[in-house]
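Read the structure below first, then the notes.
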Amino acid sequence: MFENLSEKLESALKTLKGDSKLTELNIANSIKEIRRALVAADVNYKIAKEFTDKIKDKALGTENVLNAVKPGELMVKIVQDEMTELMGGQASGINIKGNPGVVLVSGLQGSGKTTFSGKLAKFLKDKKAKKPLLVACDVYRPAAIDQLTVLAEQIGVPIYKETENKNPVEISKNAVNFAKTNHHDVVIIDTAGRLSVDEQMMKEIEDIKNSIQPTETLFVVDSMTGQDAVNTAAVFNERLNFDGVVLTKLDGDTRGGAALSIKYAVGKPIKFVSSGEKLETLDVFYPDRMAQRILGMGDIVSFVERAQEQFDEKEAERLEKKIKKNKFDFNDFLGQLNQIKRMGDIKSLMNMIPGMSKLTKDINIDDKAFVKVEAIIHSMTKAERGNPDILNMSRKKRIASGSGHNIHEINMFIKQFDQMRSMMQMMSKGKGMDKFMQGMPNKPRR
Amino acid sequence: MSFFKKFFSKDKEEDLNKGLEKTKSSIFSQITKAVAGKSKVDVEFLDQLENILISSDVGLDTTVKIIDRLEAKVAEDKYLNTDELNSILKKVIIDILSENNTVDIEDFDPPTGTHPYIIMVVGVNGVGKTTTIGKLANQYHKKGYKVVLGAADTFRAAAVDQLKIWAERSSSAFFSKGMNTDPAAVAYETTQYAQNNGMDIAIIDTAGRLHTKIQLMDELSKIKRSIDKKYQGAPHEVLLVLDATTGQNAIEQAKHFTAATNVTALALTKLDGSAKGGVVLGISDQFKIPIKYIGVGEGMEQLQVFNKRAFVESLFS
């Protein structure tokens, strides 16, 4: 839908060329497109409207939109800048000063509080040289305390729990005292998930907050949350006056419009981004990346990160040696394919690369793109996979019938493979890159 | 109303009404307000309807569909008053929910002809899979079925313990091979356990996973295949659990989980919160998968079979 937001804006604004300036009337369509894109990204409807009104004012005040070579892109840039600014502001880190510093973690059921608590503890221990104490205050959900216990063990952080006590206010109080006597400088309190409409539970967390006076209260929210994000955040903020927001499960493909909605509605900074179940993946929040994501404009940084996640240094070294010797074989190729596949589905990966969405929108790329290649390689013998050069006519014939392709297709594939191999060899020899680029019609500049 | 009563005992009805109170007051009372005093559907009303549907997570496409149909109906049926408009709108929504050609189940009974009946439960992290399984087991148990719960979420910390507690609470049998074991093997052996021990129903829990993680989705397909290997044709039900709080991403979830496991039914959880649950309309509409259960509270009893007519009725009542 918004992969082509800038295109849509392009065509909406194209008709205006010749008009001397933007007017409320002639950008009405563009504003509507922007609003639709935001709504499809789960930005709250009302906020999308208010936000686009702002954009409208901004656009009307911008002289050169229509004169721009690509007015649509300029409009998108205005939107993006405005959104980045809105979500940014003073991201002040978390306050863990105090003796001990106390972090209260709150949120709805299933938002990822416990996993986040574990990640935060690890982060503080490894990166900030703190001595954190995890506190299990979810006395309701079955095995919630066990879950935190397991996480605590995994990261080597002590946990405070009272399995018989059903009063989280008492537990949290006792935990803070325990931390004082045992010289823990940060206490992280994991609470039960609660619905904002559950008066009793909301009262409970209010009581916890009042009794322990945390230095930092965080609201954890699932980045896939829809229109309701605003209401929930508003109620939690009303009751807890939280200091910051944690956005979880950003490793999915959600546009994450909730981030904009919440920041807009309660004005509190987004302090952490948590993606994945690995306890290392706690990240600070980048408003510009989030803006691009909401607008479906690709996120090159995430792309690189995902690639790095799959990157294995030793394997890369091994491959480089093989490439230099021109020994790159079908097994290596298959390994590479699998690595790419592990990064996510191809189309969503492509869309992470800015500008790529334009190219991919009409092409139906799916993960079956590799099926043919895989079938061919799988039809080879071990010897053939390791020594591409031994492929003669009779072997090719056998592979063709084995993989359900004709001999022509096999030849094509092998030819492509050879080309790729020699290209890689050229590039790996250093001088290669320049030479390689010279042959390209449009040498990219940076 | 009699139709409504047929499926819901008094307290169930109250739960549903309570659970949907928010939805009701925010969506449909607003519509009623918008309609009141107007003798026809004007642009202002449609605009407002659009706002309301979208802010209930119905999604752009389905919203447009509802509005188009409403307009077409209105053009056909000519004059309208508030009541008529309300019932037309209701009908349009029920129709959309009905297009998946499924009949609502009436109670917690597995279909006959498949014994034991194997259910595999899937979904992203934190939607409430395990809780839904516990509540579902409880309902089946109350109806006299013998149920075994299979702990194939061997990944998330303490997931096995959590399911075990639910097995105890719901008086179900429990099958586990412990944490960090092969989930496909657990699924296979749970099926075997159900077959060998005269169980009526096996419900297999799986680890929450984001639908974008290909390896994990492949693993899910494998779990499903391993069940089929033990018992051809099983699982008979692949239940995708969706969180009512989730926005448009739920549609992506439905798409990918269906691709990996051929989802046959949906459960919508956390409807007792302030989220509107409008996502149901969009998914039922696009994927033709029936909603089978709704979670309307934290209590053990607060899982209900979904009934579209009752659902929409209760929204308007």
Subject >> Number of the condition not met by B:A173 [criteria: (1) without any contact (Cβ under 8 Å) to a residue 40 or more places away in the chain; (2) among the hydrophobic types (A, V, I, L, M, F, W, C); (3) crowded, with 24+ Cβ neighbours inside 10 Å; (4) away from chain A (no Cβ under 11 Å)] >> reply: (3)
Subject >> region B:176-211, residues that are assigned to a helix (DSSP H, G or I) and open to solvent by 20 Å² or more (accessible area, probe 1.4 Å) >> reply: B:A185, B:Y188, B:E189, B:Q192, B:Y193, B:Q195, B:N196
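Every residue, every condition in (1) under 20 Å from B:F175 (Cα atoms); (2) touching a helix residue (DSSP H, G or I) at 6+ places or on another chain (Cβ under 6 Å), yes or no:
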{"position": "B:L220", "(1), (2)": "yes, yes"}
{"position": "B:K229", "(1), (2)": "yes, no"}
{"position": "B:E237", "(1), (2)": "yes, no"}
{"position": "B:A250", "(1), (2)": "no, yes"}
{"position": "B:A265", "(1), (2)": "no, no"}
{"position": "B:L271", "(1), (2)": "no, yes"}
{"position": "B:G278", "(1), (2)": "no, no"}
Subject >> Selection status of B:I165, more than 9 Å from chain A (Cβ to nearest Cβ), assigned to a helix (DSSP H, G or I) and more than 28 Å from A:I340 (Cβ to Cβ) >> reply: no
Subject >> Count of region B:121-152 residues which are over 20 Å from the mean Cα position of the chain (by Cα) and either aromatic (F, W, Y) or within 13 Å of another protein chain (Cβ to nearest Cβ) (or both) >> reply: 2
Original post:
Picking from A:D243, A:D222, A:D251, which residue would you name as being more than 14 Å from chain B (Cβ to nearest Cβ) and either touching a residue at least 12 places away in the same chain (Cβ under 8 Å) or farther than 25 Å from A:A40 by Cα (or both)?
Top reply: A:D243
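So which of A:E305, A:E238 is modelled with pLDDT under 90 and surrounded by fewer than 19 Cβ atoms within 10 Å (Cβ to Cβ)?
A:E305
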Original post:
What strands (runs of 3 or more DSSP E) lie completely within region B:219-317 and have 2 or more residues being within 14 Å of chain A (Cβ to nearest Cβ) and not polar (S, T, N, Q)?
Top reply: B:237-243, B:265-269
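Filter region A:149-171 down to the residues that are touching a residue at least 60 places away in the same chain (Cβ under 8 Å) and buried (at least 16 other Cβ atoms within 10 Å of the Cβ), then identify the one that is nearest to A:K130 (Cα to Cα).
Among residues in region A:149-171 that are touching a residue at least 60 places away in the same chain (Cβ under 8 Å) and buried (at least 16 other Cβ atoms within 10 Å of the Cβ), the one nearest to A:K130 (Cα to Cα) is A:I155.
For region B:114-138, what are the residues that are among the β-branched types (V, I, T), open to solvent by 10 Å² or more (accessible area, probe 1.4 Å) and assigned to a helix (DSSP H, G or I)? Quick ask: steps written out before the conclusion?
Going through region B:114-138, the residues among the β-branched types (V, I, T) turn out to be B:114, B:118-119, B:121-122, B:124, B:127, B:130-133.
Filter again for open to solvent by 10 Å² or more (accessible area, probe 1.4 Å), leaving B:114, B:130-131.
Of everything in region B:114-138, those that are among the β-branched types (V, I, T), open to solvent by 10 Å² or more (accessible area, probe 1.4 Å) and assigned to a helix (DSSP H, G or I) turn out to be B:T130, B:T131.
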Subject >> Subset tally (residues that are under 12 Å from the mean Cα position of the chain (by Cα) and at pLDDT 80 or above) for region A:292-301 >> reply: 3
Original post:
Just wondering, is there one or more residues in region A:131-141 that are open to solvent by less than 10 Å² (accessible area, probe 1.4 Å), away from chain B (no Cβ under 14 Å), aliphatic (A, V, I, L, M) and touching a residue at least 12 places away in the same chain (Cβ under 8 Å)?
Top reply: yes
Subject >> Single residue of region A:176-213 satisfying the filter (away from chain B (no Cβ under 14 Å) and of a type in the set (S, T, N, Q)) that is surrounded by the most Cβ atoms within 10 Å (Cβ to Cβ) >> reply: A:T191
Subject >> Flag for A:G226 being touching a Leu at 6+ places or on another chain (Cβ under 8 Å) and at pLDDT below 95 >> reply: no
**OP:** For region B:262-277, enumerate the residues that are over 18 Å from B:G123 (Cα atoms) and open to solvent by less than 10 Å² (accessible area, probe 1.4 Å).
**Re:** B:G273, B:A275
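Is it the case that A:S106 is among the small types (G, A, S), closer than 30 Å to B:K270 by Cβ, more than 14 Å from chain B (Cβ to nearest Cβ) and touching a helix residue (DSSP H, G or I) at 6+ places or on another chain (Cβ under 8 Å)?
So A:S106 passes the test.
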Original post:
Going through region A:87-129 one residue at a time, which ones are among the β-branched types (V, I, T) and over 22 Å from the mean Cα position of the chain (by Cα)?
Top reply: A:I96, A:V102, A:V103
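The values are calculated or read from the model by the stated rules, or taken from the named source; none is laboratory data. These figures come from a predicted structure and were not determined experimentally. Cβ atoms come from the backbone with ideal geometry, glycine included; neighbour counts cover every protein chain shown. To get the accessible areas, we keep the full protein, side chains included, count just its heavy atoms, and leave off ligands, DNA and RNA. Shrake-Rupley method; radii C 1.70, N 1.55, O 1.52, S 1.80 Å.
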